[in-house]
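The values are calculated or read from the model by the stated rules, or taken from the named source; none is laboratory data. Everything numeric here is computed off the predicted structure, so don't read it as measured data. Here the Cβ positions follow ideal geometry from the backbone for every residue, glycine too, while neighbour counts run over all protein chains shown.
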Amino acid sequence: MSVLGRVGVVGAAAGAVLLAGAGSGGAAVTELDPQSASVVTDDGWSVSVVASELRVDAVAPLSGSWLSREAFVSAKVTGLISGEGTAPVRAGVIEQGVQVGCEVDVTSGMTLGSTATFGPNVGITMAGPSAGLSANAGPNVSVQAKPGEITNLVMAEKDLAGDRGSITQRGMQVKVDGCFGEVTMRTYAQVSVTTDTADDTVFVYSTPVTL
């Protein structure tokens with residue numbers, strides 16, 4: 001085979017690998033099973049977290065780039081405190097979020113938003129009415145993921161003022177840019193309770209979804 005022929009074969013093979021590593025770019029709706037967990041604190045309180053109405057709508061990225069993934073996430077998290085504890089509950093917090101993993105980072109520099117410029121890391125953006133701040137209001141959230149690592153993004157937090165509280169997000173946008181290969185995401189929820197004698201936190205996680 002000639003040198004030019006060998007170059008053509010190598011180029012075609014490389015192109016096939018790139019296409020295999022890219023996302024399909026199609027739309028997929030995944031309804032996830034609800035998750036729940038409970039613990040009894042050292043001072044006698046029962047603390048429970050319930051994640052329900054879990055849904056991930058993976059869509060073709062608006063940018064059209066095969067290095068981007070985009071999805072809209074919906075979830076409801078409920079925190080419950082019950083029982084007859086020996087010490088009063090001083091504080092409780094509900095937290096709702098997603099974890100995102102990227103297989104290979106191929107960025108050499110990028111810009112997210114109007115002013116922030118980032119170095120060679122995968123960009124993950126989360127947008128919605130309460131992205132990353134309190135359960136009431138907040139702007140977009142952007143973080144930088146390293147390949148082969150899992151990145152946590154907080155969707156919302158809420159103080160648990162009584163024995164029950166909840167956070168519901170519908171259609172929170174999560175966008176991953178600059179990732180070559182598989183992008184996997186799962187939701188998580190946690191409830192934390194503090195008394196004078198103990199601090200307890202209980203977590204639940206959804207089934208992972210490939211974008």
Exercise. Do we have TYR205 as of a type in the set (Ser, Thr, Tyr), surrounded by fewer than 17 Cβ atoms within 10 Å (Cβ to Cβ), on the phi < 0 side of the Ramachandran plot and touching a residue at least 24 places away in the same chain (Cβ under 8 Å) here?
Worked result: yes
Exercise. Here is a list of conditions, (1) under 21 Å from THR30 (Cα atoms); (2) at pLDDT 90 or above; (3) among the acidic types (Asp, Glu); (4) surrounded by 18 or more Cβ atoms within 10 Å (Cβ to Cβ), and GLU70 meets all of them except one; can you say which number that is?
Worked result: (2)
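Listed here are the residues, each with its yes/no results for (1) within 30 Å of GLU84 (Cα to Cα); (2) assigned to a strand (DSSP E or B).
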| residue | (1), (2) |
| --- | --- |
| LEU153 | no, yes |
| GLY162 | yes, no |
| ILE167 | yes, yes |
| GLN173 | no, yes |
| GLU182 | no, yes |
| MET185 | no, yes |
| VAL191 | yes, yes |
| ASP200 | yes, yes |
For this session: For the range 55-68, state whether one or more residues are over 20 Å from VAL176 (Cα atoms) and part of a strand (DSSP E or B).
Result: no
For this session: Scan the range 164-211 residue by residue and report those that are among the aliphatic types (A, V, I, L, M) and farther than 22 Å from SER68 by Cβ.
Result: ILE167, ALA189, VAL191, VAL193, ALA198, VAL202, VAL204
For this session: Look through the range 73-94, keep the residues that are under 14 Å from LEU160 (Cα atoms) and of a type outside the set (A, V, I, L, M, F, W, C), and return whichever of them is surrounded by the most Cβ atoms within 10 Å (Cβ to Cβ).
Result: GLY79
